[in-house]
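Take a look at the structure set out below.
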Amino acid sequence: MPRREDIHSVLIIGAGPIIIGQACEFDYSGTQACKALKEENYRVVLVNSNPATIMTDPEFADRTYIEPVTPEAVEKIIVRELAEMKSMDANGKLVLLPTLGGQTGLNTAMELFRTGVLDKHNVEMIGAKADAIERGEDRERFKELMIEIGLDVPESGIAHTV
């Protein structure tokens, strides 16, 4: 994939607290993504509530926010980063990469999308489009999509009450 010249900074949403045996793969993939993005000379901004992850080491991002991974906190970071980019006369825009933060990153990004925060600040979501995330998160819709493209799926149903 060629380097996008219209991007200046990439805001990565980390996975937050890691439970033993869960989400450590996002720390590894996030660390590798930070390295790759920096090699392409993008400014890397990271938000993660867990300071004990490898990706929060100072060498991996140009700026790291140890903040709650919530839509409210991420919007404040977006506002601050846009102001920072303006003050440095940055060429290019700020984009959001939520796919390295597991369920936490996806949920946060989708809330920012649904509430219009991304549009309000002209921040593009990269890595996955909102529609693709919604299709993957809605289990019934996902199953229908798999059947539509000819894949076998196990017999199943959705329980709305217990």
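The values are calculated or read from the model by the stated rules, or taken from the named source; none is laboratory data. From a predicted model like this one, the values you see are computed outputs, not experimental measurements. Cβ coordinates were reconstructed from backbone atoms using ideal geometry, including for glycine residues, and neighbour counts include every protein chain displayed.
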Options Val74, Val95, Val69; residue that is touching a strand residue (DSSP E or B) at 6+ places or on another chain (Cβ under 7 Å), within 24 Å of Arg3 (Cβ to Cβ) and hydrophobic (A, V, I, L, M, F, W, C): Val95
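Kindly evaluate Thr104 against the criterion of being farther than 22 Å from Ala33 by Cα, in the same structural domain as Ile12 (by TED's automatic domain parsing) and touching a residue at least 40 places away in the same chain (Cβ under 8 Å).
So Thr104 does not fit the description; no.
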In the stretch 55-90, how many are free of Cβ contacts under 8 Å to residues at least 60 places away in the same chain and farther than 20 Å from Glu39 by Cβ? 20
Strands (runs of 3 or more DSSP E) completely within the stretch 1-99 that count 3 or more residues being in contact with a Phe, Trp or Tyr (Cβ under 8 Å, 6 or more places away or on another chain): 7-13, 43-47
Do we find a residue being farther than 25 Å from Pro2 by Cα and touching a Lys or Arg at 6+ places or on another chain (Cβ under 9 Å) anywhere in the stretch 98-118? no
